[in-house]
Amino acid sequence: MTTTKQNGSLYTNIQNNIATIEFGHPASNSFPSELLDRLTKELLVVGKKAEVSIIVLKSEGEKAFCAGASFDELVAVSNLEEGKQFFAGFANVINAMRTCGKLIIGRIQGKAVGGGVGLAAACDYVLATENAAVKLSELTIGIGPFVIEPAVSRKIGISGTAALTLDPTSWKNAYWAKEKGLYTKVFETISEVDKEVENLSRKLASYNPIALTEMKKVLWKGTGNWTGLLTERAAISGELVLSEFTKKALEKFKK
């Protein structure tokens, strides 16, 4: 089932020490600001629950994993403060994924664009289907993937990020993403991915939860400055989105 709610949907199901957080939006699982805010809060709340050892992050349906930020909201940005706030949405989610204290398994069933690539990169272990191609198309509208870049570069290095960012009209396939380190394993079908997500999360949830939390800290070592860094990056994007270039580019896209 895919949601028809304009602000999207967010559901959490906790079973056997595994919290599955599922988001959805009728526009290819893209994120309006309200949904980003809800996901940020949910990650931090779930992260504090003693009965949760592992988080699984997934999106609705069988098509796109996540088309990034809401296009309608991007077009509506009219001043610097609104721009900063808009781009801070993904900054907050990535920081919540980083600091929630629980390891996150990403289940990626389809294409990821922009912020969707950032979400995948901020997961600790990613299982994807071969349909899960990735693209960072921000330069085509005069902005850049500034907010998500630290998360993406941390996983695939500067050269991988450059390959994605500087060829903004091309898709890179799931096997490219695996080779670069964005995905851990790639499967042919969604049912195979789901089976592996279930097996892995059950296994991890049976381990010492304190060891898992300590492992999370180790994996994110050196990212303590991200709260300020990602806010700064949101400001860069917020400024660029008001530029004449971006306004014209967005008009073309709207048409």
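Exactly one residue out of Ile141, Ile148, Ile158 is on the phi < 0 side of the Ramachandran plot, surrounded by fewer than 16 Cβ atoms within 10 Å (Cβ to Cβ) and β-branched (Val, Ile, Thr), and it is Ile158. So Thr99 clears everything in (1) more than 19 Å from Gly61 (Cβ to Cβ); (2) buried (at least 21 other Cβ atoms within 10 Å of the Cβ); (3) β-branched (Val, Ile, Thr) except one condition, right? Which one? Thr99 satisfies every listed condition except (2).
Here is a yes/no grid of residues against (1) modelled with pLDDT of 95 or more; (2) in a helix (DSSP H, G or I):
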position: Glu51; (1), (2): yes, no
position: Glu73; (1), (2): no, yes
position: Leu139; (1), (2): yes, yes
position: Phe146; (1), (2): yes, no
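Here Ala120, Ala64, Ala91 are screened, and the one residue that is in contact (Cβ under 8 Å) with a residue 40 or more places away in the chain, within 30 Å of Ser206 (Cβ to Cβ) and among the small types (Gly, Ala, Ser) is Ala120.
When the range 229-255 is filtered for residues that are loosely packed, with under 11 Cβ neighbours inside 10 Å and assigned to a helix (DSSP H, G or I), the ones remaining, listed by number, are Glu244, Glu251, Lys252, Lys254.
Of the residues making up the range 123-137, just one is surrounded by 24 or more Cβ atoms within 10 Å (Cβ to Cβ) and free of Cβ contacts under 8 Å to residues at least 40 places away in the same chain, namely Leu136. Look at the range 237-253: where a residue is on the phi < 0 side of the Ramachandran plot and a partner is part of a helix (DSSP H, G or I) and basic (Lys, Arg), sitting 6+ places away or on another chain with Cβ atoms under 7 Å, you get Gly238/Lys84. Whenever a residue of the range 6-28 is on the phi > 0 side of the Ramachandran plot, its partners that are among the hydroxyl-bearing types (Ser, Thr, Tyr) and part of a loop (DSSP other than H, G, I, E, B), lying with C-beta atoms within less than 7 angstrom and at least six residues away or across chains, give the pairs Asn17/Ser53.
The values are calculated or read from the model by the stated rules, or taken from the named source; none is laboratory data. Please read all numbers here as calculations on a predicted model, not as lab measurements. No Cβ is skipped: glycine too gets one built from the backbone with ideal geometry, and neighbour counts run over all protein chains shown.
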